[in-house]
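In what follows, a single structure is set out as structure tokens and then discussed.
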Amino acid sequence: MSEQQSLTQDYNGQTVEHVIVHDGSGRTLPTVIIIPTVMGVQPLEIGFAEKLNALGYHAVVADLFGRRFEAGVDKEAAFAAMGELRADRPALRDRLLSIVSLVRQRDHVDRSKIAVIGYCFGGQCALDVARSGADVAGVASFHGLFDPPGLPPQPIKAKVVAYHGWDDPMVPPEAVVALGKELTDGGADWQIHAYGHVGHGFTNPNAHQIGIAGVAYNEAAARRSWASLEDYLAELFG
């Protein structure tokens, strides 16, 4: 049975509240940081964290947006806040690395076995952690954005996997090829899994509610990508 607790962080004058999901045993375990979609910390990501906890990992759902994002968040406000973060990728990178550092300092975290996964905007964030050269075991991007941050390239220490819907209107095929080249040039151990006839947001059963063409849940892609993630994490932490 998983338990939840808050992890408050004051960052540049803003208070954010991450959510730790653990088994209450006090054991030192591998830890997975989950970066949510543009909608912030939601029940979907908490559910993913509980599934990871059932696999034997601690999970931390990261809050990038602060207390303005709660249940029923306004879509326009969410996209505006994401735009602010995407407009300053160096600052976004620093914020992400501060979360990794905070988690690494926690009791019962195996500091050599930390992974970062993310969804949509969070998938881009996970890739940016890898791009920074951060010393994490691996990252995984689910229907993430692929555009690079425009920063000096660093050797990529983390293993990388990206789960991508081939019909994603936000990530055209040339962006997929460009990501593969970028990861190769960075020396990464990388994989890209592309799912045919699948769009953006395929892991979210409520993705259609955002009202954007090409954004929809796909049960097969969600199931296949999660199964692959389980194998990937077992390899990272084995």
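Since every read-out is calculated from the coordinates, none of them should be taken as a lab result. Because the structure is predicted, anything quoted here is derived from the model rather than measured. Using ideal geometry, Cβ is built from the backbone for each residue, glycine included, and neighbour counts are taken over all protein chains shown.
List the relative contact order of the chain as a percent without decimals, with contacts defined as Cα pairs under 8 Å and 6+ residues apart.
14
What number, in nm² with one decimal, is the all-direction average of the projected area of the convex hull of the alpha-carbon atoms of the chain?
Spelled out: convex hull of the Cα atoms, projected over all directions, averaged, 11.7 nm².
Give, in nm to one decimal, the length gained when the segment between Glu84 and Thr184 is fully stretched (0.36 nm per residue of separation minus the Cα-Cα distance).
Answer, rounded to one decimal: 33.1 nm.
Which number gives the lysine pairs in the chain that have C-alpha atoms under 18 Å apart and are eight or more places apart or on different chains?
Values: Lys51/Lys113; Lys113/Lys157; Lys113/Lys159; Lys157/Lys181; Lys159/Lys181.
Lysine pair count for the chain: 5.
Determine the sum of side-chain charges near His108: Lys and Arg each +1, Asp and Glu each -1, restricted to other residues whose C-beta is under 13 angstrom from that of His108.
So the environment of His108 carries a net charge of +1.
Express in nm, to one decimal, how much length is gained between Asn12 and Glu219 on full extension, taking 0.36 nm for each residue of separation and deducting their alpha carbon distance.
On the way: separation 207, 0.36 × 207 = 74.52 nm, distance 3.93 nm.
Additional length available on full extension: 70.6 nm.
Given a cut-off of under 8 Å on Cα pairs at least six residues apart, what relative contact order in percent is computed for region 81-164?
26
Among Phe142, Val116, Asn206, which residue has its Cα positioned farthest towards the positive end of the charge dipole of region 95-238, with +1 placed on the Cβ of Lys and Arg, -1 on the Cβ of Asp and Glu, and the dipole taken about the Cα centre?
Of the candidates, Val116 comes out farthest on the positive side.
How high is the FRET efficiency from Gln154 to Met1, r the C-beta distance, R0 41 Å, rounded to 0.05?
With R0 = 41 Å, the Cβ-Cβ based efficiency is 0.50.
What net charge is computed for the residues neighbouring Asp128, neighbours being all others with C-beta under 13 Å from the C-beta of Asp128, Lys and Arg scored +1, Asp and Glu -1?
Charge balance near Asp128 sits at +1.
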